[in-house]
1. Tell me, which residue of segment 132-144 that is hydrophobic (A, V, I, L, M, F, W, C) and crowded, with 23+ Cβ neighbours inside 10 Å is farthest from residue 48 (Cα to Cα)?
2. Any chance segment 300-320 includes a residue that's closer than 30 Å to residue 73 by Cβ and assigned to a helix (DSSP H, G or I)?
3. Would you be able to say whether some residue in segment 248-267 is out of contact with any Lys or Arg (no Cβ under 6 Å at 6 or more places or on another chain) and surrounded by fewer than 22 Cβ atoms within 10 Å (Cβ to Cβ)?
4. Only one of (1) under 19 Å from residue 305 (Cα atoms); (2) touching a Lys or Arg at 6+ places or on another chain (Cβ under 6 Å); (3) surrounded by fewer than 19 Cβ atoms within 10 Å (Cβ to Cβ) is not met by residue 398, so which one is it?
5. Looking only at helices (runs of 4 or more DSSP H) that fall completely inside segment 349-423, which ones have 3 or more residues that are under 27 Å from residue 38 (Cβ atoms) and in contact (Cβ under 8 Å) with a residue 40 or more places away in the chain?
6. Can you tell which of 227, 253 is aliphatic (A, V, I, L, M), assigned by TED's automatic domain parsing to the domain that holds residue 100 and part of a loop (DSSP other than H, G, I, E, B)?
7. Only one of (1) of a type in the set (Gly, Ala, Ser); (2) surrounded by fewer than 24 Cβ atoms within 10 Å (Cβ to Cβ); (3) at pLDDT 80 or above fails for residue 520. Which number is that?
8. Do you know which residues across segment 24-45 are touching a residue at least 60 places away in the same chain (Cβ under 8 Å) and surrounded by 12 or more Cβ atoms within 10 Å (Cβ to Cβ)?
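The values are calculated or read from the model by the stated rules, or taken from the named source; none is laboratory data. Just so it is clear, the structure is predicted and the values come from calculations on it, not from any experiment. Cβ sites come from the backbone with ideal geometry, for glycine too, and all protein chains shown count toward neighbours.
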Amino acid sequence: MHLDTRHHPIARFAFFGVIAAGLVYAGVSIVADTRGVGESLALGVFAFLGLALVIALAFEFVNGFHDTANAVATVIYTRSMTPAIAVVWSGAFNFLGVMVSTGAVAYSIITLLPVELILNIGSAAGFAMIFALLLAAVLWNVATWYVGIPNSSSHTLIGSILGVGLANQLIAAGSKTGTSGVDWGQAEKVLSALLFSPFLGFVAALILMFAVRVVSKRTKNQVMLQAPKAREDRPPFLVRCLLIFTCTAVSFAHGGNDGQKGMGLIMLILIGCAPTAYALNRTMPASETAGFVLTANKAARVFSAHGDGTDILANRARSVLSDSLQKRNVEDPKVYAALGQVSRELATEVSQYGSLAKVPAEATRNLRNDMYLVLDTSRMVTHADDTATRFTASDLQSIESYQASLEKGTRYIPVWVKVTVAIALGLGTMVGWKRIVVTVGERIGKTDFTYGMGASAELVAASTILLAERYGMPVSTTHILTSGVAGASVGQGAGLQKRTLRNIGLAWILTLPAAMILSGGLYWLLLALVRAFHLG
């Protein structure tokens, strides 16, 4: 198949122009946000922040090599769209998907990180963590893209996060539990979604393609079972519309899920470098302050009622909550007393300031950490096995309303972050799509790629990714779509190329441990350098 059409010089100029515009937009937005809250960034901090943002956007750019290329593979390979139009079309719907995303997936991934590092994200260890996992993710993605393997950016990023967590735990005197290590309960949920979704993609695409075969035979219309016969051959109009629709759906779903991973990383960087501007959601209207105070006080009363009359000092309360997160245990009445104490303090502080936008710089980090501690501890409370018997329906509603307020106050994504991530993701597609298109179109099934196979694989992929985003779970577009192509090949009655499947499988199996080792080693090295030069 001919995929080597040269780009017009104007297209290259526009490409680099968009990159420059995106970086300038990010820089101007950071300056405006920090000045708006009275926080001035030193030149060194601004340069450090800029470097970290470039690496984070590079991760999303490389993500485009792998994941979004899968979205355009079917329309390009079946000649439903020309490569130039397909990648721009896909990039536009990736952009839209990122812009309407909620951020749930972003923070689902962030919660994998050690609590210790999240609470001290501006420390030397926090910055070493950010650079280690970013560099590990980019390096592994580039390496697998170079050999044309549809590796998963999701697996790479999550492996990098787990590697940093394990390294931090080993460095912290080899502690087996604690805020220094990985939250394995959250890790289990995330890894389960990553593991289950490709099997779902394979089975669903197989069934759908088998149904297409049955319908085609009964109606004696074999067009969906055909492949393009010549380079200029295009599918019939209705089939072409279907393939463009499924490409659009995958692009939109991919932007909504994978784009959030880069957004989460960027928020970690911003919170570490400019906490006054980004640690709290200062865009929350002042009119919502009264609602926050009300829900905080209601929840505090519920928590205190389950504290068995335990009286606890404010400073001690925070230690109790940290210890509870450390041991993943909320059975002690002191935990409920601590939740009540810190929640009352949060209500008082926010009420005094009038809104989150008016929280002074010196109080921002501590207020965010208190909100984070209460949110995560209270979630352990509501997810416990005896929750239904311990609390009334009214009590649970009060706690869940409070959790929603805490989440809104700490977990938000500025518009400029969404825009820059969307640009990076879309532009990555325009550079690296060729290698992955060939793998998906020619090296999975033994026969030519048919229209029905493309539609089935992409329809299943889009549905699965959107469902995962609905529940805030990260999934791999690459693995779902390639599994869908494999399932559709079997449903078509074609065989599978063992060599390619073996390579994809090896990348799937090796990515987690490879990324963990790479990020853990980089974290140890960077932390050692920081300490050697007394930088933190």
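1. The initial filter retains those residues of segment 132-144 that are hydrophobic (A, V, I, L, M, F, W, C), namely 132-140, 142-143.
After this cut, where a residue has to be crowded, with 23+ Cβ neighbours inside 10 Å as well, the list is 132-134, 136-137, 140.
Values: 132: 14, 133: 16, 134: 14, 136: 18, 137: 19, 140: 23 Å.
Only one residue fits best here, namely 140.
2. No, because not a single residue in segment 300-320 is closer than 30 Å to residue 73 by Cβ and assigned to a helix (DSSP H, G or I).
3. At the first step, the residues of segment 248-267 found to be out of contact with any Lys or Arg (no Cβ under 6 Å at 6 or more places or on another chain) are 248-267.
Subsequent filtering for residues that are surrounded by fewer than 22 Cβ atoms within 10 Å (Cβ to Cβ) retains 248-249.
The answer is yes; a qualifying residue exists.
4. Residue 398 satisfies every listed condition except (3).
5. Filter on segment 349-423 gives 361-382, 393-410.
6. After applying the criteria, what remains is 227.
7. (2)
8. Matches in segment 24-45: 25, 26, 29, 30, 33, 34, 36, 37, 39, 41, 45.
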